[in-house]
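The values are calculated or read from the model by the stated rules, or taken from the named source; none is laboratory data. In this text the structure is predicted, and so the values were computed from the model without any measurement. Here Cβ is always computed from backbone atoms with ideal geometry, including for glycine, and neighbour counts include all displayed protein chains.
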Amino acid sequence: MPFIPHTDDDTREMLEAIGAPDLDALFDEIPKDLLVESLDGVPEAMSEMAITRLMRERAAQDGAPLCFLGAGAYEHHVPTAVWDIATRGEFYSAYTPYQAEASQGTLQTIYEYQTMITELTGLDVSNASLYDGASALGEASLMAVRCNRRVKNGRIVLAPGVNPTYEKVASAIAGTQNITFERLDMDMATGNAMSTLPDGEGPVAVAIQQPSFPGTLEDVDRLTDWAHAQGAFVIAIVNPTSLALLKAPGHWGAEGADIAIGEGQPLGVPLSSGGPYFGFMTCKQKHVRQMPGRIIGRTTDLDGEPGFALTLQAREQHIRRSKATSNICTNQGLMVTAATIYMALVGYHGLRSIATRSHQNTTRLIDGLTAIDGVERLFDGPYFHEVALRLDRPVAPVLAALAARNILGGYDLSASNPDLGNALLVCATETKTDVDIDAYIAALGEIMASTERKSA
Amino acid sequence: MSELPGELLYTKDHEWLRREDDGTVSIGVTDHAQAALGDLVYVELPEVGQDVTEGGDMAVVESVKAASDVYSPIDGIVAAVNDVLADDPETINTEPYDAGWIVKITPSGDIDESALLTPDAYQALLDEE
């Protein structure tokens, strides 16, 4: 559906019909002292030619390094067809058109997206997406509090492997509503939760990330059953690519996770600084009334033909007003369109081979890197496509030396998780060839041999 | 013309109250309210044992076109909720004053009947609308 803005004539006709002199008159209920004439720090408008030049210059500063950096956003091959289709006029809009009689194609795309995401996560219902993985944890926390009304303490317990950025964002979103976040202790040998878990008054929800932020695989069945035994909800935070190989959240423990969320970027959205990415969310059927965001349903029209429409709208702000499940509505429609096309193109077997190849590449990388003197694995145990390493010296100078060789060597965990010491998180997806991986191993070997060992 | 049983008390929010023999007060929405809402698809019920206060929201009735809060007309504690509504919310449409009751409340004190409406007063309210 094309987006056609109003012409000046359209605007004039509409203003005449309602008897308003001009557009500003529509906002005259806003007190004058709250109106801002101009915004500080916002530069003058630029011409298209000037802004294209500026953006090219800035993009060139990124270069095209060999990327072994993950930590929440991952470089995957995006088939050309994905964005070729997603940027067609029928899909390409800053706004997601939900008007059922004019938007059947868009609604069907979202419906198919929901179907695919529920299959990946093993849960019953999906919404039409959220802003990103981090804000999805905030929304899931609020949803858990609404659903699990028996528990009044507002405590959300995070497994040790939850992404620290997700915790910050979720606290910013949910923290103003008497919801607090705390973390289980980490077993420093495994990177996962301790073998003995605390008991006492259960929290309202436990959030478990799989694979964990430092790349380990948590015993999700044990944590899920422990959480449920305490009367807590389980929020699963998952990487969608990994679900081609790992157990779906809907099957964790005896009863399965109640809500699953995650960052959708690995599904066809290219890496870019800060997004746009998208978050996904699925849940058990019985919690659907408390789910935030839009949901597309399949129905039949008056002639008995299948069609698609927004459903369960009574949860939403245009009906529930201040009591809506969230203020989420439009979300990241274009990213979701790309993800739907991506999943449809690669299919079940394709996603499985992408995940398998990523794991194999990471194994080759880790075997090579840990053969270098001064490099060892931080944690034992299985992993997916990301592994934490311990260096015998501070990480930042090593990453700088790798960058000078045009290699993005990974994520410096000592910044976000200082307890872990000189820890470097590395990732190799299916995009890396054996030559790429061997180049990184050789570069790090030279750097570790040539620079003097320094303790942290 | 909507049905209006004479033995009940009413509120201006289109709820009804019935004093039960066990000391609790049953509360539901009126025939007029269910007709205005349309086919109900979901009822969000409070927890048994939950405190409710006069004027505070305690349940939500949702139809295909709207969602509406149900307010407690009295102070008290939720003694029972109508679990039938979880699977058959349309019971409120078919039997608003009987099988369609929503909650039973144990009042925390005497009920101020002057704050409530008699059938005649409620009928007068409907006539105004």
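Structure notes:
- If only residues of the stretch A:322-347 that are away from every other protein chain (no Cβ under 14 Å) and polar (S, T, N, Q) are counted, the one that is surrounded by the most Cβ atoms within 10 Å (Cβ to Cβ) is A:337.
- Residue check, residue A:177 over 30 Å from residue A:116 (Cβ atoms) and either more than 23 Å from the chain's Cα centre (by Cα) or among the polar types (S, T, N, Q) (or both): yes
- Those strands (runs of 3 or more DSSP E) of the stretch B:42-129 in which at least 3 residues are among the β-branched types (Val, Ile, Thr), considering only elements entirely within it, cover B:76-81, B:103-107.
- Pairs, first of a type in the set (Gly, Ala, Ser) in the stretch A:61-79, second part of a loop (DSSP other than H, G, I, E, B) and surrounded by fewer than 19 Cβ atoms within 10 Å (Cβ to Cβ), C-beta under 6 Å, six or more apart: A:73/A:271
Residue-by-condition table, conditions (1) within 14 Å of chain B (Cβ to nearest Cβ); (2) under 17 Å from the mean Cα position of the chain (by Cα); (3) among the polar types (S, T, N, Q); (4) surrounded by fewer than 19 Cβ atoms within 10 Å (Cβ to Cβ):
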residue	(1), (2), (3), (4)
A:108	no, no, yes, yes
A:118	no, yes, yes, no
A:138	no, yes, no, no
A:162	no, yes, no, no
A:172	no, yes, no, yes
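- A count restricted to the stretch B:40-57 and to residues that are in contact (Cβ under 8 Å) with a residue 40 or more places away in the chain and within 12 Å of chain A (Cβ to nearest Cβ) stands at 6.
- Any chance residue B:49 is among the small types (Gly, Ala, Ser) and surrounded by fewer than 18 Cβ atoms within 10 Å (Cβ to Cβ): yes
- Qualifying residue in the stretch B:90-113 (condition: touching a residue at least 12 places away in the same chain (Cβ under 8 Å), closer than 20 Å to residue A:314 by Cβ, within 14 Å of chain A (Cβ to nearest Cβ) and small (Gly, Ala, Ser)): no
- Residue check: residue A:319 meets all listed conditions (1) within 14 Å of chain B (Cβ to nearest Cβ); (2) under 23 Å from the mean Cα position of the chain (by Cα); (3) surrounded by 15 or more Cβ atoms within 10 Å (Cβ to Cβ) but one, namely (2).
- Test: residue in the stretch B:9-22 that is touching a helix residue (DSSP H, G or I) at 6+ places or on another chain (Cβ under 9 Å), part of a loop (DSSP other than H, G, I, E, B) and under 22 Å from residue A:324 (Cβ atoms): yes
- When the strands (runs of 3 or more DSSP E) confined to the stretch A:297-400 are screened for residues that are farther than 24 Å from residue A:266 by Cα, aliphatic (A, V, I, L, M) and touching a residue at least 60 places away in the same chain (Cβ under 8 Å), those reaching at least 2 such residues are found at A:306-310.
- Every residue from the stretch B:59-77 that is buried (at least 22 other Cβ atoms within 10 Å of the Cβ), within 13 Å of chain A (Cβ to nearest Cβ) and either modelled with pLDDT of 95 or more or within 11 Å of residue B:15 (Cβ to Cβ) (or both): B:59, B:61, B:70
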